Amino acid sequence: MRLRCAVLDDFQNAATTFADWSPLSDRVEVVTYDEHFTTEDALAAAIAGADIVVTLRERVPFPASLLDRLPRLKLLIASGMRNSVIDYAAARANGVTVCGTESAGTPPVELTWALLLGLARGIVQENNALRAGGPWQSTVGADLHGRRLGVLGLGRIGSRVAKVGLAFGMEVTAWSHNLTKDRTDEAGVTLAPTKEALLATSDFVSIHLALSDRTRSLIGAAELALLQPTAYLINASRAAIVDQDALLTALHEGRIAGAGIDVFDTEPLPADHPMRTAPRLLATPHLGYVSRANYERYYGQAVEAITAYLTGTPTRVLP
């Protein structure tokens, strides 16, 4: 009998398009799911017969309670090499090997700038008005050249965002808990003395931090109050870094000019989620990693991981 492989959250039906699964066809049956399972019961029922599961990013938690309900599961493949929602100890206890794939840093950089530029120039509002026969020009764009971009986190992604800001002629400052002047000098940007100073003096703030105990709710009501009323906040990193209720309040009360958000506390967003109707918000459905190159890498390396596992030499084992 062939092994059964379940591919989760394949919203675009891309898993079998961006990778060649034919080398596994005589040993593995691939079943893709283009809907998100919102409860553990529904997910457990759907994949109860799976020997292999391919999960997308950190959208689907695999706690011990779920892993205990999947006795056939032997291989779990996560896109990316870091996943905070898999209980690795429980996986080991259940005899499940967990593998990852590589992930490119450029797609989230590009999406960050799509959000920032879309906000700054009112792209969506003006496009909608043009298509609907509305007023010809109703917004006045915010300039980038000569303005200050504050980058929270100057790692693999944040440093690339900063580089683009410099190319636009922006003054770029950066801050994170362990950021040093040597690192900011190397990137050609200025080290902000404190998080509060960065927030208070930036025209645009872009978040590029890993989620941890130190960064969870790093931006709350007090921090949002420091932003200028003409400032914009961009978050294509992790939703929990920004207090969602505090952000909604700031947007509704017009305390900031706008926000570009790609990550949410619940994904996919429920139909009645307040983020769907918030003013001054340019939102995208977690598209930061969604690009042709990344999908080719995710699913291509998933095939490689399955092949390696079947030969007894699992690759890119996590954690």
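Structure notes:
- Of residues in region 253-299 being touching a residue at least 24 places away in the same chain (Cβ under 8 Å) and of a type in the set (K, R), the one surrounded by the fewest Cβ atoms within 10 Å (Cβ to Cβ): R292
- Region 18-36, subset under 11 Å from V303 (Cα atoms) and either in contact with a Leu (Cβ under 7 Å, 6 or more places away or on another chain) or of a type in the set (V, I, T) (or both), residue surrounded by the fewest Cβ atoms within 10 Å (Cβ to Cβ): V28
Yes/no matrix, rows are residues, columns are (1) loosely packed, with under 15 Cβ neighbours inside 10 Å; (2) in contact with a strand residue (DSSP E or B) (Cβ under 9 Å, 6 or more places away or on another chain); (3) without any contact (Cβ under 8 Å) to a residue 40 or more places away in the chain:
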site	(1), (2), (3)
T55	no, yes, no
A64	yes, no, yes
D68	yes, no, yes
L73	no, yes, yes
N83	no, yes, no
I86	no, yes, no
E102	yes, no, no
G105	no, no, no
E126	no, no, yes
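- Taking the listed residues L199, L111, L117, the one that is closer than 30 Å to I86 by Cβ and not hydroxyl-bearing (S, T, Y) is L111, with no other qualifying.
- The numbered conditions (1) farther than 20 Å from R156 by Cα; (2) in contact with a strand residue (DSSP E or B) (Cβ under 8 Å, 6 or more places away or on another chain); (3) touching a residue at least 24 places away in the same chain (Cβ under 8 Å) are all true for T194 except (3).
- Only residues that are touching a residue at least 60 places away in the same chain (Cβ under 8 Å) and either within 20 Å of W21 (Cβ to Cβ) or of a type in the set (A, V, I, L, M, F, W, C) (or both) were counted across region 33-53, and they come to 1.
- Some residue of region 294-315 being more than 21 Å from A15 (Cα to Cα) and either among the aliphatic types (A, V, I, L, M) or modelled with pLDDT under 95 (or both): no
- Matching residues, region 42-65, being part of a loop (DSSP other than H, G, I, E, B) and touching a Cys at 6+ places or on another chain (Cβ under 8 Å): A50, D51
- For region 33-41, the count of residues that are among the aromatic types (F, W, Y), under 25 Å from the mean Cα position of the chain (by Cα) and assigned to a loop (DSSP other than H, G, I, E, B) is at least one.
- The number of residues in region 300-313 being part of a helix (DSSP H, G or I) and either surrounded by 19 or more Cβ atoms within 10 Å (Cβ to Cβ) or among the hydroxyl-bearing types (S, T, Y) (or both) comes to 7.
- Residue match in region 138-148 (condition: outside any helix (DSSP H, G or I), within 20 Å of the chain's Cα centre (by Cα) and either closer than 20 Å to I241 by Cβ or not small (G, A, S) (or both)): no
- Among the criteria (1) in contact with a Leu (Cβ under 7 Å, 6 or more places away or on another chain); (2) at pLDDT 95 or above, the one R147 does not fulfil is (1).
- Among the residues listed as R4, R69, the single one being outside any strand (DSSP E or B) and either at pLDDT 95 or above or within 25 Å of S237 (Cβ to Cβ) (or both): R69
- Any hit, region 199-220, residues being on the phi > 0 side of the Ramachandran plot and touching an Asp or Glu at 6+ places or on another chain (Cβ under 6 Å): yes
The values are calculated or read from the model by the stated rules, or taken from the named source; none is laboratory data. The structure displayed is predicted, hence computed values, not measured ones. Note that we place each Cβ from the backbone using ideal geometry, even for glycine, and neighbour counts take in every protein chain shown.
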